[in-house]
1. Listed residues I12, I55, I65; which is of a type in the set (V, I, T), in contact (Cβ under 8 Å) with a residue 60 or more places away in the chain and more than 26 Å from A191 (Cα to Cα)?
2. For residues that are over 15 Å from the mean Cα position of the chain (by Cα), part of a helix (DSSP H, G or I) and closer than 26 Å to G157 by Cβ, scanning just segment 185-236, find the one that is modelled with the highest pLDDT.
3. Considering only residues of segment 14-60 that are under 19 Å from A80 (Cα atoms) and touching a Leu at 6+ places or on another chain (Cβ under 6 Å), which is surrounded by the fewest Cβ atoms within 10 Å (Cβ to Cβ)?
4. Considering each residue of segment 16-48, count those that are without any contact (Cβ under 8 Å) to a residue 24 or more places away in the chain and not small (G, A, S), and give that number.
5. Read through the list (1) among the polar types (S, T, N, Q); (2) farther than 21 Å from N239 by Cβ; (3) touching a helix residue (DSSP H, G or I) at 6+ places or on another chain (Cβ under 7 Å), then give the number of the only condition that N95 fails.
6. Every residue in segment 137-147 that is out of contact with any helix residue (DSSP H, G or I) (no Cβ under 8 Å at 6 or more places or on another chain) and either without any contact (Cβ under 8 Å) to a residue 40 or more places away in the chain or surrounded by 15 or more Cβ atoms within 10 Å (Cβ to Cβ) (or both), please.
7. All but one of (1) more than 16 Å from the chain's Cα centre (by Cα); (2) under 25 Å from N241 (Cβ atoms) hold for N95, so report the exception by its number.
Amino acid sequence: MVNSMEALKGKIALVTGGGRGIGAAVALSLAGAGADVAVNFRARSADAEAVCAEIRKSGRRALPIQADVSQSDQVKTMVAQIESKLGAVDILVNNAGMARQIKIEDIAEADWDEHIRVNLKSAFLVTQAVLPGMRARRWGRIINVSSVAAQTGGLVGPHYAASKAGMLGLTHSYAALLAKEGITANTVCPALVETEMLRANPRATFSVIPIGRFGVVDEVASVVLMLAENGFMTGQTVNPNGGWYPS
């Protein structure tokens, strides 16, 4: 039996949007299991630096790395820098995303395009960038952080729900195509977790959660860690959602 503190020793993880919220908790959780972690951020460098400082205290290597992961040129540069400074990415957590609540009658084409680009295209771009290395080593974990909105419509709007639902199809395809190569792909669909994004949504209320409270980031991070450690689970959607969407 592998010690949980050693389960991912020697593996390199990349967490997009890893400077705060769920992403920060995931980065710390992976480091706690022995991985070295690249913490991606778009604009808030201080947050990413703070997460990396905590990771280094645990004795693991950490790299704060700036990139807008919805831009292919920046993704390619980011992955090259990670490979140079830490090593090739074994575990990818596509966590970067956005949610802007807009009345249905006010959703513009630009709003739609922005959410698809930031929430869905980014996951495709980063996955494609790290896949060659995973395939060469015949080992990899792709973990996409979606949302209960993919399953219920959620509280933000159809532009957000569609972008998050697209991640499910992306996951299913990668899982089916890569299963025989030692690479798994799974999705995590949290619901109403206490983060900055949740606090910015005036419609967020735990009255829709059967358990009767908001989730906390560590409850999502523990699911991501399980998927990173498990080589037999692929093509699945795991739902830390307080019972909002039974499956």
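The values are calculated or read from the model by the stated rules, or taken from the named source; none is laboratory data. Worth saying up front: this structure is predicted, and the values here are computed from it rather than measured. Methodologically, a virtual Cβ is constructed for each residue, glycine included, from the backbone with ideal geometry; neighbour enumeration extends over all protein chains shown.
1. Values: I55 fails: in contact (Cβ under 8 Å) with a residue 60 or more places away in the chain; I65 fails: in contact (Cβ under 8 Å) with a residue 60 or more places away in the chain.
So the residue among I12, I55, I65 that is of a type in the set (V, I, T), in contact (Cβ under 8 Å) with a residue 60 or more places away in the chain and more than 26 Å from A191 (Cα to Cα) is I12.
2. V208
3. Among those residues, the one meeting the criterion is D36.
4. 0
5. N95 satisfies all of (1) among the polar types (S, T, N, Q); (2) farther than 21 Å from N239 by Cβ; (3) touching a helix residue (DSSP H, G or I) at 6+ places or on another chain (Cβ under 7 Å) except (2).
6. Taking segment 137-147 first, the residues out of contact with any helix residue (DSSP H, G or I) (no Cβ under 8 Å at 6 or more places or on another chain) are 137, 139.
Across segment 137-147, the qualifying residue is only W139.
7. Failed condition: (1).
Per-residue answers, yes or no, for (1) within 16 Å of the chain's Cα centre (by Cα); (2) within 18 Å of L227 (Cβ to Cβ); (3) β-branched (V, I, T):
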position	(1), (2), (3)
A24	yes, yes, no
R56	no, no, no
R61	no, no, no
Q71	no, no, no
K85	no, no, no
A88	no, no, no
I91	yes, yes, yes
D113	no, no, no
